[in-house]
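Working notes, structure below.
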Amino acid sequence: MKTYQDLLDIRETEEARMEFVRAVITDHQSSELYRTALVAEDYYRRRNRTILDFQKWLTKNTGELVPDVYTANYKLTSNFYNRFTTQLVQYLLGNGISFENEETLEKLGKDFEKEIVQATKYALTGAVSFGYWNLDHLEVFPITQFAPLADEDTGKIRAGVRFWQLASNKPLRAVFYEEDGYTEYRWEDGEGSVINEKRAYKINTTYTENGGTEIVEGENYAGFPIIPLWCDDTHQSTIVGLREGIDAYDLIKSGFCNTIDEASIVYWTLNNAGGMDDVDLAQFLNRIKNLHGAYVDDNVTAEPHSIDPPIEGREKLLDRLRADLYEDAMALDIKNIADGAVTATQIKASYEPINSKADDLEYQLTEFIEKILELAGVKDTPSYTRSKIVNTQEEIETVITSAQYLNDEYIAKKILELLGDADKAEEVLSGLVEDRLLDYDNAEGNRETA
């Protein structure tokens, strides 16, 4: 892997820099972090590699392996990884990000919350994502599009290459980010070129009063404007440790469908057919399946036998794998809540695993946002409201029971939050104030009349 010190060692010529950038991309694409992230992205898109690449084979008498094109080969891909990733992100960020100052979100750009959600998904699938503060808004890059250059002494990222290529026959584009500016490159048919020479991150443009002559001044940030967001302290994709369970589930479920489709609850015994190999047997069964009959030699006899398919055992195994996947992913299994009436205490207990997972992610996310705020020149602290399923009636009864120890404003806000109408709190509270003033005026009027 390339580091920031490798950058310092190259010659200060554009050809050497361009060659270095290309080498950074190549080294990054061969790294384990990059390759694992590509796998995770496939599983996130429900392109589960193991099951999609699975091929059934037959053996000929010569020992040659040939693809099995005669029997069913279902490739059912589960959506576990997308579900686990989306659930965690929406649990933590589904209600948006709150700041102490109302103006903070406006200063961060209209799409800031959307970019944070995307950065978090990238971090979970790729172990890390990167946020680039581009003057007045945030841009995020996945690890599959950004190669960082870390300082060997401090571990901090001090440079990096953003790269992308729409197809193998299309140009490769790259932006080389450094502390003192960025440069844009392009490679096509093996030839590299500079699209835009190094420029500052902040460009200030002014004009003279008499002729309107443009005066451009460049300015950079105090530090490197690209911040990493790690998913947790393991610094590895969340697909690690889950892929094997997902593969097992997909393979067993697909095999279950193959069994039913092939009607393999009936098998055949061929006597005096020692010269047949796996391919011949597959062709025989294929004719039986499609034509409900097959020719055999005079001295060959075919006898059908029926057995009960292991349905119950496979169903139990699939249920066990599903439960294990939720446990390993520390995800919330809605099925456990939806299957029956549960108390608020039981619901809260079911949230403990995902709460622990979200706590770890929240720590990383808060540190990331605070560094972005520093680059943007904003002083504030983010906070989050997690999305939870609650036993609404039981929760409201608890609030009302405790009403004597709480003020009216808190009670109103809490009940509205439980009812999903938290956005109407200001309207309801202003109504309460008006009712109190009216009651006060009526009471005063009654006193004067008396």
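How big is the accessible area of Met330 in square angstrom, nearest 10, if you roll a 1.4 angstrom probe over the protein chains?
60
Quick one: with all protein chains in place, what share of the accessible area of the range 1-146 is carbon or sulfur, to the nearest percent (1.4 Å probe)?
That share works out to 46 percent.
Can you compute the FRET efficiency between Glu417 and Glu352 using 1/(1 + (r/R0)^6), with r the Cβ-Cβ distance and R0 = 30 Å? Round to the nearest 0.05.
Approximately 0.90, to the nearest 0.05.
Using Cα pairs closer than 8 Å and at least 6 residues apart in sequence, work out the relative contact order for the range 39-175, in percent.
14
With N set to the number of residues, divide the alpha-carbon radius of gyration of the range 23-94 by 2.2 N^0.38 Å and report two decimals.
For the range 23-94, the normalised Cα radius of gyration comes out at 1.65.
When Rg is the radius of gyration of the Cα atoms in the range 98-149 and Rh is its Kirkwood radius, what does Rg/Rh come to?
Across the range 98-149, the Cα-based Rg/Rh ratio is 1.03.
Whenever you get a sec, line up Arg47, Arg173 from highest to lowest accessible area (probe 1.4 Å, protein heavy atoms).
I get Arg47, Arg173, largest accessible area first.
Could you order Lys388, Lys198, Lys121 so the one with the most accessible surface comes first? Probe is 1.4 Å.
Lys388, Lys198, Lys121
Just to check, using Stokes-Einstein with a Kirkwood Rh over alpha carbon pairs, what's the diffusion coefficient of the range 77-197 at 4 °C and 1.567 mPa s in µm²/s?
Calculated translational D: 77 µm²/s.
Taking the solvent-accessible surface of protein heavy atoms with a 1.4 Å probe, what is the per residue accessible area of the range 15-78 in Å²?
Roughly 58 Å² per residue, with all protein chains present.
Would you list Trp164, Trp187 from the most to the least accessible area, probe 1.4 Å?
Largest to smallest exposure gives the sequence Trp164, Trp187.
The values are calculated or read from the model by the stated rules, or taken from the named source; none is laboratory data. From a predicted model like this one, the values you see are computed outputs, not experimental measurements. Don't worry about glycine lacking a Cβ; one is built from the backbone with ideal geometry, like all the others, and counts go over all protein chains shown. Side chains are part of the model used for accessible areas, which takes the heavy atoms of the whole protein and leaves out ligands, DNA and RNA. Shrake-Rupley method; radii C 1.70, N 1.55, O 1.52, S 1.80 Å.
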